[in-house]
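Step one of this worksheet: look at the structure below.
The values are calculated or read from the model by the stated rules, or taken from the named source; none is laboratory data. Not measured: the values here are computed from a predicted model. Cβ placement follows ideal geometry from the backbone for every residue including glycine, while neighbour counts extend to all protein chains displayed.
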């Protein structure tokens, strides 16, 4: 395929994407395929000779689209969103099209530098302390990771090495392996599984901290656990706070947890993957009070800021902390205006796509006010859904609705709620996933779509109540027969 | 921006990319900017109100392009390539445009399943042992990682947990921390820095294995080190072999190393990021003999198979090995037809872009023969360059030329060669990076561009010899004066 054909095919693909997004709400949001559906639909090996583009595109319709879960549909209410937008898609196309890769400054100066400045823009939008910005020419700053899992891992590894060095300063004979074997990390019992995964990779013990009635970690609980563990010879070194937990979007009380972490030399990382994006709105910013005690902070613009996956931002008051885990001879000697310019050291992968273009395009095409309006609309729609649930006596709300997530369930058994979700998934008109809260099976309804409107919320609720009425009627009939 | 505007802007962007690639050779390949150039060119914070798309695009030309190192230029001979192509860019646009994300099977069945089948296609193209394929319904198979650094880390972590379990079977009282503190990994002194980085993350000791005169690790060297380390109480557990090292594209002798690893219960991972792609050509496949002894194998289609960054493939004869490092309760219960369907467990990040589309588009649009022809052309161009170097008595070849990389230098001091590279970089007509071989400063010339032709190689050589003649003349004049 030469440039001339690319012009033609590229424009067709742009139309394909535009058509897809314009008509997406008429598609079944959850695919009607069985596991293993695809293998038999395509050859078992690559072709020897080139095939035509028409054939490939035909197979996109025939093989791929029937097996796609439509994350961009207004009927998609699962997980947290892939919050993409047209400007983000354009920036991604530019990134793919020019194909330049960043790792040292020299490998792609524009990539290194735009990323540093965009993370400063983001830090200012979030009103982070100045120490988290690189423009102050201190040690702080931010970099883009692919996902929050990577951001959490990077924070934990940085904390691990910092603590090892710190312990060895007062006890030079103690081996690194011995110190690591005594390290202990903490996170909420409601935290994302990637925190535990990071602790396994880092080879350190982790304890899950119980939460209060709002699913928040509180200071006295952590304080007690730290004291217990120190008494048995452990070295508390890392606490991953969550602002906006995955199950129910709960918030740890970082303003009371931070001082404890600081006093105990515990690295406090804040995982605010979804909810942190909303801190660009003044009305939500108070939830971030206490960030001044944190060592690192991360959010995923791809979850709630109209930037396409993958894009997770981590900001640290001492970005140099990342260096803790690399020996000096791995450093390149490129002419870096700032530490963060050699991005190869700031993550597991060495090289990176030009992802900051997505942030730049989106921040400029929406403006801060446009992004705030987007977030507020989602929160408002969630409140509307909450009110619909509260208005129906068969249902209950299971956690405070702060942002775009509503946790709810039918009053009754887990089995009843599982049956309801099964019906919802089987029907395929809307898509939700469940969670467990205090051991109970709960449905999560997350406003995800960029194009989700009031009518979609109303339709979704109507659909849920129709399915639940059938279920309850069947149950009633069944119980009637049994009596 | 709505779908209608996206149609217009998207088509403009397609033309922008096509124009860029059609005219790329007239651009200065290495940018003429100083570190820190960008910050003063754009505002220090995000705009409050939306800006126009025209303004954003104008700034792409004004701010970004002057700071880009043009990886897709035929004048780019640095690192290893970002080997992208138009079908890959189209597939990436499709992936961004439909925005569906994979991690469980249910989150995106098409993504999970196409990835599994594409890795089987790739495994067959490479003639990997059947155990590395998932279609045999054994425990093997492949998944896509972002980069080779991640693939290496995943292999090392899997090996670590496998060994811990193995040791604990015979000695249940021994703690995990104690075992890990005794683990020792090995890799070539010529290996990529990501192997050492992986060992640091995994908290294990690593030893660099000296190489023979061809920069290859040999069996007897490794065998001796393993014996020494066992004698002092270490547990050898991981060897990362390299096929196609970063400095000079050397090949470890895996056919003689494999049996030792198997006998010693050492996990052998093969990092063949660049050169492994060429094993789809029968004439290069013998370099992979011995893969049957390996536990895992990875290549980067984005380096040499016309697939855009990021795309690294890892195949394991026991993909289940990855599970070693995750506790059972982190597993989802989705209906997986095969282990690899829940891709969230097969890497550091949980979620993933729909990257297998890139493989599918490229494999089909080029066919196996088209990909082989692409590789052979690059190798042939490198041989041409090698002959040009050999024909000039001022220069020497520093390592055997097997694929697309030529290591060469001016006969003379490191300072002389550094001066030459400095002139090359300052002139900006072509772009190379150096390496060290046996302590000497060496220039690397890698055929990278999809559109690199014979005339570019000849021009590059003419440019290099002109600059070197000037340098040598100056040196001669200077020495003449001194005498």
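Here residue A:61 meets the list (1) at the interface with chain B (Cβ under 8 Å from one of its Cβ atoms); (2) modelled with pLDDT of 95 or more; (3) more than 23 Å from residue B:17 (Cβ to Cβ) almost entirely, failing just condition (1). One residue alone among B:35, B:66, B:74, B:50 is over 24 Å from residue A:308 (Cβ atoms) and at the interface with another protein chain (Cβ under 7 Å from one of its Cβ atoms), and that residue is B:35. Among the residues of the range B:219-241, those that are within 25 Å of the chain's Cα centre (by Cα), free of Cβ contacts under 8 Å to residues at least 60 places away in the same chain and in a strand (DSSP E or B) comprise B:239, B:241.
If a residue counts only when it is within 22 Å of the chain's Cα centre (by Cα), which strands (runs of 3 or more DSSP E) contained entirely in the range A:390-483 have at least 2 such residues?
Values: elements: A:395-397, A:405-410, A:433-437, A:440-446.
Output list reads A:405-410, A:433-437, A:440-446.
Look at residue A:36 and say whether it is within 28 Å of residue A:365 (Cα to Cα) and either more than 20 Å from the chain's Cα centre (by Cα) or surrounded by fewer than 22 Cβ atoms within 10 Å (Cβ to Cβ) (or both). No. Hey, among the residues in the range A:333-346 that are over 23 Å from residue B:435 (Cα atoms) and within 9 Å of chain B (Cβ to nearest Cβ), which one's modelled with the lowest pLDDT? So, considering only residues that are over 23 Å from residue B:435 (Cα atoms) and within 9 Å of chain B (Cβ to nearest Cβ), the one modelled with the lowest pLDDT is A:337. Which one is farthest from the other protein chains (Cβ to nearest Cβ), of the residues in the range A:108-128 that are in a helix (DSSP H, G or I) and under 18 Å from residue A:294 (Cα atoms)? Among those residues, the one meeting the criterion is A:119.
Residue check: is residue A:94 surrounded by fewer than 22 Cβ atoms within 10 Å (Cβ to Cβ), closer than 30 Å to residue B:30 by Cα, at the interface with chain B (Cβ under 7 Å from one of its Cβ atoms) and modelled with pLDDT of 95 or more? Criteria met by residue A:94.
State whether one or more residues within the range A:210-217 are within 28 Å of the chain's Cα centre (by Cα) and within 13 Å of chain B (Cβ to nearest Cβ). Walk me through it before giving the result.
Taking the range A:210-217 and keeping what is within 28 Å of the chain's Cα centre (by Cα), we get A:210-217.
Then keep just the ones that are within 13 Å of chain B (Cβ to nearest Cβ); that gives none.
No: zero hits.
Which of the residues that make up the range B:129-160 are more than 19 Å from the chain's Cα centre (by Cα), within 11 Å of chain A (Cβ to nearest Cβ) and not in a helix (DSSP H, G or I)? Residues satisfying the conditions are B:133, B:134, B:135, B:137.
Hey, among A:280, A:299, which residue is within 13 Å of chain B (Cβ to nearest Cβ), modelled with pLDDT of 95 or more, within 21 Å of the chain's Cα centre (by Cα) and closer than 30 Å to residue B:92 by Cβ? Steps first, answer last, please.
Numbers: A:299 fails: within 13 Å of chain B (Cβ to nearest Cβ).
After ruling out the rest, the residue left standing is A:280.
Look at (1) farther than 22 Å from residue A:308 by Cα; (2) facing another protein chain (nearest Cβ under 8 Å); (3) touching a residue at least 60 places away in the same chain (Cβ under 8 Å) and you find that residue B:83 fails only one, number (2).
Filtered by the rule that a residue be more than 26 Å from residue A:451 (Cβ to Cβ) and touching a strand residue (DSSP E or B) at 6+ places or on another chain (Cβ under 9 Å), the range A:52-77 gives no residues.
Collect the residues in the range A:273-283 that are in a loop (DSSP other than H, G, I, E, B) and buried (at least 21 other Cβ atoms within 10 Å of the Cβ), keeping them in residue-number order.
Correct list: A:273, A:274.
Whether a residue is facing chain A (nearest Cβ under 7 Å), assigned to a loop (DSSP other than H, G, I, E, B) and within 20 Å of residue A:349 (Cα to Cα) was assessed, and residue B:105 does not pass this test. For the range B:367-389, check the following and say yes or no: at least one residue is within 26 Å of residue B:476 (Cβ to Cβ) and assigned to a loop (DSSP other than H, G, I, E, B). Checking the range B:367-389: not a single residue is within 26 Å of residue B:476 (Cβ to Cβ) and assigned to a loop (DSSP other than H, G, I, E, B).
With the checklist (1) part of a loop (DSSP other than H, G, I, E, B); (2) within 7 Å of another protein chain (Cβ to nearest Cβ) in hand, flag the one item residue B:43 doesn't pass. If we test residue B:43 against (1) part of a loop (DSSP other than H, G, I, E, B); (2) within 7 Å of another protein chain (Cβ to nearest Cβ), just (2) comes out false. The listed residues are A:260, A:270, and the only one of them that is in contact with a helix residue (DSSP H, G or I) (Cβ under 8 Å, 6 or more places away or on another chain), surrounded by fewer than 20 Cβ atoms within 10 Å (Cβ to Cβ) and either assigned to a loop (DSSP other than H, G, I, E, B) or at pLDDT 95 or above (or both) turns out to be A:260.
So that you can scan it fast, the table gives a plain yes or no per residue for (1) in contact with a strand residue (DSSP E or B) (Cβ under 7 Å, 6 or more places away or on another chain); (2) surrounded by fewer than 20 Cβ atoms within 10 Å (Cβ to Cβ); (3) over 19 Å from residue B:82 (Cα atoms):
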residue: B:397; (1), (2), (3): yes, yes, yes
residue: B:408; (1), (2), (3): yes, no, yes
residue: B:411; (1), (2), (3): yes, yes, yes
residue: B:415; (1), (2), (3): no, yes, yes
residue: B:422; (1), (2), (3): no, yes, yes
residue: B:427; (1), (2), (3): no, yes, yes
residue: B:439; (1), (2), (3): no, yes, yes
residue: B:454; (1), (2), (3): no, yes, yes
residue: B:465; (1), (2), (3): no, yes, yes
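For the range B:198-218, check the following and say yes or no: at least one residue is touching a strand residue (DSSP E or B) at 6+ places or on another chain (Cβ under 7 Å) and part of a helix (DSSP H, G or I). Checking the range B:198-218: at least one residue is touching a strand residue (DSSP E or B) at 6+ places or on another chain (Cβ under 7 Å) and part of a helix (DSSP H, G or I).
What residue, among those in the range B:11-32 that are part of a loop (DSSP other than H, G, I, E, B) and surrounded by fewer than 19 Cβ atoms within 10 Å (Cβ to Cβ), is farthest from the other protein chains (Cβ to nearest Cβ)?
Here is the first cut: in the range B:11-32, the ones part of a loop (DSSP other than H, G, I, E, B) are B:27-32.
This time we only want the ones that are surrounded by fewer than 19 Cβ atoms within 10 Å (Cβ to Cβ), so: B:27-28, B:32.
Working: B:27: 11, B:28: 13, B:32: 10 Å.
Step by step, filter the range B:11-32, then rank; the result is B:28.
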